[in-house]
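Structure record follows, encoded as structure tokens.
The values are calculated or read from the model by the stated rules, or taken from the named source; none is laboratory data. Please read all numbers here as calculations on a predicted model, not as lab measurements. Note that we place each Cβ from the backbone using ideal geometry, even for glycine, and neighbour counts take in every protein chain shown.
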């Protein structure tokens with residue numbers, strides 16, 4: 001006990017001396033303000049709402065009225081596909097399983113793959129028909145097969161939208177036909193598309209199919225309505241939509257390789273264009289702009305710590321923070337990668353226990369005075385709580401640390 005009291009007295013003296021020294025030190029002159037950075041300006045787009053997102057970084061590079069509610073038309077089928085893909089993943093259905101075509105599905109108005117009532121159609125064919133032909137009949141058949149009823153399937157769609165953070169989306173049907181309250185936004189569509197690419201990388205291949213013909217489908221209806229698939233070899237999806245109220249809509253995805261980063265993916269969302277020609281040309285403009293105006297920079301490799309701050313009362317002395325299952329990538333204006341600055345915002349002190357995957361800090365990336373991105377940092381390895389005596393000792397050290 002005497003040794004402990006002597007140690008505490010010594011440390012208190014050191015802390016007091018350090019405080020006095022700090023008080024005597026004159027304040028440093030304020031750092032000069034960083035010059036304003038002019039971010040790249042997007043091309044002129046006639047559509048009232050659009051968005052460009054870099055999938056690798058998760059950053060929105062440009063957008064206009066991205067939270068304005070609009071009718072999604074057949075872009076609805078992106079969520080229908082997500083729920084179906086999830087049912088495949090959980091083995092609720094299989095690709096080779098056949099589903100019955102009800103009268104409701106057979107009578108579905110609008111675009112169809114022309115499946116016949118009272119027939120059995122494989123799930124994979126219905127998926128292709130829903131995407132390539134934009135078949136409303138296929139969407140209804142899949143909804144009935146997965147949800148039991150269309151109404152229950154729509155409930156699943158809305159539950160999934162909330163789970164993905166699509167705050168301004170409300171679904172009323174699985175096909176996208178006009179209905180009161182059936183709305184989404186450019187931001188929510190980009191969020192959904194990014195999750196389709198991330199959560200179902202294998203199933204996303206269906207969005208790249210250029211031609212598909214099911215027995216009974218007219219030959220004139222065998223071509224994907226996404227003309228970008230035929231114009232740009234880097235385009236691999238996703239979906240078009242059109243109704244009189246929604247105008248011409250499109251979500252486009254592309255993947256291009258660059259010397260410093262392979263497989264850079266970009267999403268372009270275009271809503272309420274005036275014509276098919278306009279939505280195609282403007283979607284191409286947005287993609288090209290995203291790839292040329294910005295470049296991706298990898299700051300940290302997957303599972304590599306972006307920071308290893310001190311952690312108290314734990315079995316380890318450091319808490320490794322980073323990103324699991326992927327590198328930390330940021331999108332910066334082309335040619336300005338060397339000018340980016342990073343800052344980590346986190347609580348202090350860090351007190352164990354911590355679980356792997358727990359979000360603890362935020363990596364803030366800026367360019368001059370312009371904020372570029374905020375990346376959540378998670379715990380890369382478990383740090384359990386230490387034993388009693390280690391916790392007591394760290395409590396003493398923390399008290400001293402707070403006094404210094």
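Filter the range 61-82 down to residues that are surrounded by 21 or more Cβ atoms within 10 Å (Cβ to Cβ) and out of contact with any strand residue (DSSP E or B) (no Cβ under 7 Å at 6 or more places or on another chain) and give me whichever is farthest from residue 167 (Cα to Cα). Residue satisfying both the conditions and the ranking: 81.
Scan the range 142-160 for residues that are farther than 19 Å from residue 241 by Cα and in contact with a strand residue (DSSP E or B) (Cβ under 8 Å, 6 or more places away or on another chain) and jot them down. Within the range 142-160, 144, 145, 158 meet the criteria. Total residues in the range 107-122 satisfying the condition of being more than 19 Å from residue 238 (Cα to Cα) and either buried (at least 21 other Cβ atoms within 10 Å of the Cβ) or not assigned by TED's automatic domain parsing to the domain that holds residue 189 (or both): the figure is 3.
Each row is one residue, and each column tells you yes or no for (1) crowded, with 19+ Cβ neighbours inside 10 Å; (2) outside any strand (DSSP E or B); (3) more than 24 Å from the chain's Cα centre (by Cα); (4) touching a residue at least 60 places away in the same chain (Cβ under 8 Å).
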{"residue": "279", "(1), (2), (3), (4)": "yes, yes, no, yes"}
{"residue": "304", "(1), (2), (3), (4)": "no, yes, no, no"}
{"residue": "342", "(1), (2), (3), (4)": "no, no, no, no"}
{"residue": "377", "(1), (2), (3), (4)": "yes, no, no, yes"}
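Of all residues in the range 249-261, those that are more than 14 Å from residue 186 (Cβ to Cβ) have Cβ atoms under 6 Å from Cβ atoms of residues that are surrounded by fewer than 17 Cβ atoms within 10 Å (Cβ to Cβ) and at pLDDT below 95, 6 or more apart or on another chain, in 255/263.
The rows are residues; the columns are (1) under 16 Å from residue 311 (Cβ atoms); (2) assigned by TED's automatic domain parsing to the domain that holds residue 326; (3) touching a residue at least 40 places away in the same chain (Cβ under 8 Å).
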position: 337; (1), (2), (3): no, yes, yes
position: 347; (1), (2), (3): yes, yes, no
position: 370; (1), (2), (3): no, yes, yes
position: 386; (1), (2), (3): yes, yes, yes
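Looking across the range 235-268 at every residue that is surrounded by fewer than 16 Cβ atoms within 10 Å (Cβ to Cβ) and in a loop (DSSP other than H, G, I, E, B), the one that is modelled with the lowest pLDDT is identified as 260. Whenever a residue of the range 137-164 is in the same structural domain as residue 192 (by TED's automatic domain parsing) and touching a residue at least 24 places away in the same chain (Cβ under 8 Å), its partners that are exposed (fewer than 15 other Cβ atoms within 10 Å of the Cβ) and outside any helix (DSSP H, G or I), lying with C-beta atoms within less than 7 angstrom and at least six residues away or across chains, give the pairs 146/92.
Against the numbered list (1) over 29 Å from residue 232 (Cβ atoms); (2) buried (at least 17 other Cβ atoms within 10 Å of the Cβ); (3) out of contact with any helix residue (DSSP H, G or I) (no Cβ under 6 Å at 6 or more places or on another chain), residue 294 comes up short only at (1).
Residue 326 fulfils the conditions (1) in contact (Cβ under 8 Å) with a residue 12 or more places away in the chain; (2) over 18 Å from the mean Cα position of the chain (by Cα) except for a single criterion, (2).
Looking at the range 53-71, can you tell me whether even one residue there is assigned to a helix (DSSP H, G or I) and closer than 25 Å to residue 275 by Cα?
Among the residues of the range 53-71, not one is assigned to a helix (DSSP H, G or I) and closer than 25 Å to residue 275 by Cα, which makes the answer no.
For the range 151-173, filtering for residues that are over 22 Å from the mean Cα position of the chain (by Cα) and in a loop (DSSP other than H, G, I, E, B) leaves 2.
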